[in-house]
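Structure record follows, encoded as C-alpha cells.
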Amino acid sequence: MRGADHAGWAKSGRNGADGVMTLGGRWTLAFVPDLEAALGKLDARGARRVRVDLAAVEALDSGGAWLLHRQLRRWRDSGVAVELSGASDAQAALLERMAIAEEERKPLARPFEGAFRGLVERVGKGTFHTLGEARALIAFLGAVVTTWIAAWRRPARVRMTSVVHHVERIGIDALPILGLLAFLIGVVLAFQGADQLRQYGAEVFTVNLLGVSVLREIGVLITAILVAGRTGSAFTAEIGTMKVNQEVDAMRTIGLDPMETLVLPRLLALALALPLLVFYANLMALTGGAAMAMLGLGLSLDQFLEQLASAVKINTYLVGLIKAPVFALLIGLVACYEGLKVTGSAESVGVHTTRSVVKSIFLVILADAVFSVVFSWLRI
Amino acid sequence: MTDAPVIRVRGLVTRFGAATIHDGLDLDVRRGEILAIVGGSGTGKSVLLRTILGLKAPDGGTVEVLGKRLADLDPDARAPVLKRMGVLFQDGALFSAMTVAQNIRLPFNEHTRLDPKLVGQLIRVKLAMVGLPQDAGAKLPSELSGGMRKRAGLARAIALDPDVLFLDEPTAGLDPIGAAKFDSLIRDLQRSLALSVVMITHDVDTLGAIADRVAVLLDKKMVVGTLDEIRAHPHPWIREYFSGPRGRAALESRGH
C-alpha cells in the first residue's frame, strides 16, 4: 500500500524580496479541494520573483499538476518570474505537459443551434431523408425484379436449399406463436361482437362479424405484423451482421451476387410462407371465435358453420389472401434493404433492425388501406 | 511506497467446458513497470486480462489487483479499486452515443465530485497528453480514425490518473509509424504519471521498444523475464516467435 494518504500542502515564505513557496504531500486528484484551498492561501504579494520548491511533494498526478500549473501561470501573467526547484524529472515533465493543454481553446461541446432553428433544420433533413429512402427502396425493388427475371431465365441459379430453409424458419417455426395469437384474437372479436350485438338481439350475427373481419382483414394483417416483427427483424440483423463482418464484400469478391444469394431466397420464401401462414391464422382465429360462440352464445358447431357459410363467400377469403404475397414482398424488401444498408458497427445493426420493423409494419398497413380503397371501388 | 506487486496472480485456473486454458498460472506485475503479455492465438491472453480486471471470475486460484481480490468484492467495495485502474480496450471501446469529451468526463462524474469547470480543464489536459487536438473533444467516436479512437480511449483510461493501466493490443490496426508513436506515447505517460502498465501485444516492435519485462503464455502457464532472458528461453514457440523474419527485423533495429 501507499502508506497513510495525506493531502498536499503549500506554505509561503519570504527570502528578501522573493517569495518562497514550499509544497509537499500528495498532489493528486483525490485531494483537489485541499490543494485548491492551499494554493488560494499562498501569498506572493509584492514579490518580483517566486521560487517554488517541490522537493517534499510525494506524488504528483495530472490533476495536481494542472492546479499547480494554473497557479504558476497566474503569477507569470501578473509579471512575477517563477522558478521551479526540487521537482523530479517526471514531475517537471508532467508540469511542462500542462502547457500544451492551453495552446488552443476549441470548444469541447458540439455547437448548439437555437431551438427553433434546430427544429426546422431537423424537419427539413427528415423530409429529405424520407424522400431519399422512398426513392432508394423503389430502386432496390427494381434491382430485385431484375435479379428475379434473370433467375427465371436460369432457374438452376435459384438457391432452393436456402429457400426451403427460410420457409421452415418463417413458416413452421412461427406456427405456435401465430396460432395462439390468432386464436385469442378470434376469442376477443367474438366476445366483443356478441356483447354489442346482444343489445339488438342479434347475437347470431357475431358469426358474420367474425367471419368477414377475420378473413378480409384481421387474419392477414396480424400475420403480416407478426412476420415483420419476427422474420423481418431477423433478416435485417442477419444480413446486417454479415455486412459488419465484411461477409457481403467477401461474397462479391468470390463472384456471388448478394442479391441472388441473400435477398432472392428470402423474398421467395416469404412469398411462399406468408399466404400459408395467413390460411393457418384464419383457421385458428375462426376456431377461437367458434369456441367463444359455442361457450358464450350457446350456438352449436353446426349452427356456427351454417351461419358462417351464409356470411362468407369465397371472395371474402380470396380478398384477404391476395394481400398476403404483397405484404410478404414489402416486408422482405424492407428487411433486406435495411440489412444491406448496415455499415461498420454493431450499433448500426440495431438501428437498421428497428427501422426495418417500423417501416415494414407501416408499409403493410398503408398497403392494406390502399387495398381497401381499391376493393370498394371495384365493389368486391 | 513498498515493493508489493500491483497485480498478483497465483495458481490461476481457467476452463471453458472441457478445455483448460490456464492451469496454475502465476504472474506478478511490479509497480512502475511495463509488462507485456504475449502468446499464440487462443492461449488465453484476453481471458487473462478479463480475469485480472474482474470481468470474469477465476475457476481456480487467486487474482489480486492493488492488494484486493476484485472477484470477491461487492460493488461498493470495488469502486475505489476500479478508480485506480484504467483500461484501453482494443478499439477504444468509447461509448458511441457520447462525444469524446463526454466519454472522458464520465469517470470524473462517476468517481469524483469536482467542479465541472475544473473537469473541463482536466479533459483538455488529457486530450493534450494523449496527443489529440482539442477539437476532437466535440466529435463522436464514429467521426474519428482508428488511431484517434485509441488515443481517445487512452485519454478516458488515464482520466483519473490510475495506478495501473491495462492495454489490450494497443498497436493492433495502426500503421508502423502510428504504432511507434503510440509506443512512445505510452512510455511517456508511464514515466510522467508513474503508471504500472500491463499490455497484451502481438507487436514485436512494441516489446523491443517499451516493455520492461515480457510474460509469455506457454503451455497454460506463464514464463516471465526481461526480453533478453525470454529470447534465450529454449521453448520452441519462443524460438520461432523471435527468430521469425518479423521478430528478427524488429530486434535488429533495436540494436541486438
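Some notes on this structure:
- Yes/no for B:Gly92 being assigned to a loop (DSSP other than H, G, I, E, B), farther than 20 Å from A:Ala99 by Cα, in contact (Cβ under 8 Å) with a residue 60 or more places away in the chain and open to solvent by less than 20 Å² (accessible area, probe 1.4 Å): yes
Yes or no, residue by residue, for (1) at pLDDT below 85; (2) within 14 Å of chain B (Cβ to nearest Cβ); (3) open to solvent by less than 70 Å² (accessible area, probe 1.4 Å):
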| position | (1), (2), (3) |
| --- | --- |
| A:Arg14 | yes, no, no |
| A:Gly19 | yes, no, yes |
| A:Thr22 | no, no, yes |
| A:Ala30 | yes, yes, no |
| A:Asp53 | no, no, yes |
| A:Ala59 | yes, yes, yes |
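- Scanning the stretch A:75-90 for residues that are away from chain B (no Cβ under 14 Å) and assigned to a helix (DSSP H, G or I), we see that the one that is least open to solvent (accessible area, probe 1.4 Å) is A:Trp75.
- Single condition A:Val351 does not satisfy, out of (1) in contact (Cβ under 8 Å) with a residue 40 or more places away in the chain; (2) within 14 Å of chain B (Cβ to nearest Cβ): (1)
- Yes/no for A:Gln246 being surrounded by fewer than 20 Cβ atoms within 10 Å (Cβ to Cβ), over 22 Å from A:Thr354 (Cα atoms) and not acidic (Asp, Glu): no
- Of all residues in the stretch B:193-208 being in contact with a Ser or Thr (Cβ under 8 Å, 6 or more places away or on another chain) and of a type outside the set (A, V, I, L, M), the one that is modelled with the highest pLDDT: B:Thr201
- Annotation: A:Leu283 fulfils all but one of (1) surrounded by fewer than 19 Cβ atoms within 10 Å (Cβ to Cβ); (2) more than 22 Å from A:Ile365 (Cβ to Cβ); (3) at pLDDT 90 or above; (4) within 26 Å of the chain's Cα centre (by Cα); the unmet one is (4).
- So A:Arg266, is it in a helix (DSSP H, G or I), modelled with pLDDT of 90 or more and among the charged types (D, E, K, R): yes
- Among the criteria (1) open to solvent by 50 Å² or more (accessible area, probe 1.4 Å); (2) part of a helix (DSSP H, G or I); (3) within 14 Å of chain B (Cβ to nearest Cβ), the one A:Gly344 does not fulfil is (2).
- The residue that is farthest from the other protein chains (Cβ to nearest Cβ), counting only those in the stretch B:118-134 that are outside any helix (DSSP H, G or I) and touching a residue at least 40 places away in the same chain (Cβ under 8 Å), is B:Val130.
- Residue match in the stretch B:191-207 (condition: within 14 Å of chain A (Cβ to nearest Cβ), touching a strand residue (DSSP E or B) at 6+ places or on another chain (Cβ under 8 Å), assigned to a helix (DSSP H, G or I) and open to solvent by 20 Å² or more (accessible area, probe 1.4 Å)): no
- In the stretch A:224-241, the residues that are within 19 Å of A:Arg252 (Cα to Cα) reach residues that are of a type in the set (Asp, Glu) with C-beta atoms within less than 7 angstrom, at least six apart or across chains, in these pairs: A:Thr236/A:Glu338.
- Scanning the stretch A:90-124 for residues that are closer than 18 Å to A:Val57 by Cα and in contact with a Lys or Arg (Cβ under 8 Å, 6 or more places away or on another chain) yields A:Ala90, A:Ala93.
- Close pairs from the stretch A:194-217: first free of Cβ contacts under 8 Å to residues at least 40 places away in the same chain, partner among the charged types (D, E, K, R) and buried (at least 17 other Cβ atoms within 10 Å of the Cβ), Cβ under 7 Å, at least 6 apart: A:Leu197/A:Glu203
- Only one of A:Ile185, A:Ile177 that is within 30 Å of A:Val207 (Cα to Cα), in contact (Cβ under 8 Å) with a residue 60 or more places away in the chain, among the β-branched types (Val, Ile, Thr) and part of a helix (DSSP H, G or I): A:Ile185
- Of all the residues in the stretch A:286-308, those that are open to solvent by 50 Å² or more (accessible area, probe 1.4 Å), of a type outside the set (S, T, N, Q) and part of a helix (DSSP H, G or I) number 6.
- Of all residues in the stretch A:91-136 being of a type in the set (Gly, Ala, Ser) and part of a loop (DSSP other than H, G, I, E, B), the one that is nearest to A:His352 (Cα to Cα): A:Ala109
- Residues of the stretch B:93-117 that are closer than 16 Å to A:Gly63 by Cβ, of a type outside the set (Ser, Thr, Tyr) and facing chain A (nearest Cβ under 8 Å): B:Leu114 alone.
- Residue in the stretch B:135-152 that is at the interface with another protein chain (Cβ under 8 Å from one of its Cβ atoms), surrounded by fewer than 21 Cβ atoms within 10 Å (Cβ to Cβ) and touching a Leu at 6+ places or on another chain (Cβ under 8 Å) present: yes
- Cross-chain or 6+ apart pairs with Cβ under 6 Å, the stretch B:53-65 first and at positive phi, then buried (at least 17 other Cβ atoms within 10 Å of the Cβ) and at pLDDT 85 or above: B:Gly61/B:Leu12
- Selection status of A:Arg70, within 14 Å of chain B (Cβ to nearest Cβ), part of a helix (DSSP H, G or I), open to solvent by 40 Å² or more (accessible area, probe 1.4 Å) and modelled with pLDDT of 85 or more: no
- Filter pass, A:Arg157 being at pLDDT 90 or above and either closer than 30 Å to A:Val278 by Cα or polar (S, T, N, Q) (or both): no
The values are calculated or read from the model by the stated rules, or taken from the named source; none is laboratory data. Only a predicted model underlies this, so the values are computations on that prediction, with no experimental measurement involved. Neighbour counts run over all protein chains shown; Cβ positions are idealised from the backbone, glycine included. The protein model used for the area step is the full one, side chains on, heavy atoms only, and it has no ligands, DNA or RNA in it. Shrake-Rupley method; radii C 1.70, N 1.55, O 1.52, S 1.80 Å.
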